[in-house]
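S.K.: Pasting a structure below so you can have a look.
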Amino acid sequence: MAHLEVEPKKSSPWIWILLALVALAVLFFLLKGCGGSKQVASTDSTSTVTGDTTKALAATGPDWSTVDFNSPRSTDSDIGDTSIYVSSTDKYTIYSLGNNILFETDKNTLTNSADAKLKAIVASLNNKFKGATIGVYGSTDSQGDAAHNKQLGTDRANAVKDWLTKNGLDADKVSVQSLGENEPVASNSTAGGRQQNRNVAIVAFPVSN
């Protein structure tokens with residue numbers, strides 16, 4: 001009986017190629033997953049920095065919407081003119097002047113008589129609030145169109161700001177806020193109340209705030 005030798009069956013090279021491809025695919029997905037995790041971490045870090053920066057910027061300036069124009073009346077040794085109404089809190093001081101003192105009816109050009117009153121306010125600001133942040137608010141009564149009143153408040157506040165910055169105040173420290181007919185200090189149902197509501201207020205926030 002003849003002796004037959006059986007050679008071991010050779011494995012196909014395609015199996016090794018297939019296994020290599022599978023290994024490469026697994027490695028690719030693993031590396032991609034790690035890269036994605038790094039990207040998320042980077043985004044979170046950027047968000048945190050952006051958030052901190054926003055908070056820091058917000059803390060550098062006053063919140064103009066928090067001013068209470070019915071704050072308690074106060075005295076100011078630099079202000080002898082009784083037509084200038086001074087009020088204050090522990091955060092700010094308000095100098096208010098009637099629009100009838102500063103402007104002609106429905107106009108936004110300062111009258112000649114406004115100079116002396118604004119000079120008194122600038123003297124007080126330089127004496128007590130040197131370097132303070134200043135907000136100039138323009139207010140009207142509720143008669144007429146609300147949009148017109150808002151614009152008139154802006155125009156009058158800008159006229160006062162221009163005068164202040166030409167007479168000693170730093171333009172970068174002075175901003176304009178128009179209230180229009182919003183936030184009245186008196187009733188608009190009477191002539192006297194409407195007159196009080198037509199005003200310009202100069203608000204000083206000390207540097208420490």
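S.K.: Residue check, Gly153 against (1) modelled with pLDDT of 90 or more; (2) open to solvent by less than 60 Å² (accessible area, probe 1.4 Å); (3) within 21 Å of Pro62 (Cβ to Cβ), all met but one. Which one?
M.R.: The number of the failed condition is (1).
S.K.: When the residues of the stretch 84-111 are narrowed to those that are open to solvent by less than 40 Å² (accessible area, probe 1.4 Å) and of a type in the set (Ser, Thr, Tyr), which ends up farthest from Gly135 (Cα to Cα)?
M.R.: Among residues in the stretch 84-111 that are open to solvent by less than 40 Å² (accessible area, probe 1.4 Å) and of a type in the set (Ser, Thr, Tyr), the one farthest from Gly135 (Cα to Cα) is Thr111.
S.K.: Taking the conditions exactly as written (at pLDDT below 90 and either of a type in the set (Ser, Thr, Tyr) or surrounded by fewer than 16 Cβ atoms within 10 Å (Cβ to Cβ) (or both)), does Asp145 satisfy them or not?
M.R.: yes
S.K.: Among the candidates Ile121, Ile101, Ile84, single out the residue that is within 17 Å of Gln196 (Cα to Cα) and modelled with pLDDT of 90 or more.
M.R.: Answer to the check: Ile84.
S.K.: Could I ask something else about it? Starting from residues that are at pLDDT 90 or above and open to solvent by less than 20 Å² (accessible area, probe 1.4 Å), keep the ones in the stretch 160-181 and report whichever is farthest from Phe103 (Cα to Cα).
M.R.: Ranking the qualifying residues of the stretch 160-181, first place goes to Val174.
S.K.: May I ask you to verify whether Ala132 is touching a Leu at 6+ places or on another chain (Cβ under 9 Å) and surrounded by 21 or more Cβ atoms within 10 Å (Cβ to Cβ)?
M.R.: The answer is yes for Ala132.
S.K.: Hey, among the residues in the stretch 137-184 that are among the hydrophobic types (A, V, I, L, M, F, W, C) and in contact with a Ser or Thr (Cβ under 8 Å, 6 or more places away or on another chain), which one's nearest to Asn70 (Cα to Cα)?
M.R.: Result: Leu179.
S.K.: Out of Gly61, Gly35, which single residue is open to solvent by less than 80 Å² (accessible area, probe 1.4 Å), part of a helix (DSSP H, G or I) and at pLDDT below 85?
M.R.: Gly35
The values are calculated or read from the model by the stated rules, or taken from the named source; none is laboratory data. Everything quoted here is computed from the prediction, not taken from an experiment. Note: ideal-geometry Cβ built from the backbone for every residue, glycine included; neighbour counts use all protein chains shown. Only protein heavy atoms, including side chains, enter the accessible area calculation; ligands, DNA and RNA are left aside. Shrake-Rupley method; radii C 1.70, N 1.55, O 1.52, S 1.80 Å.
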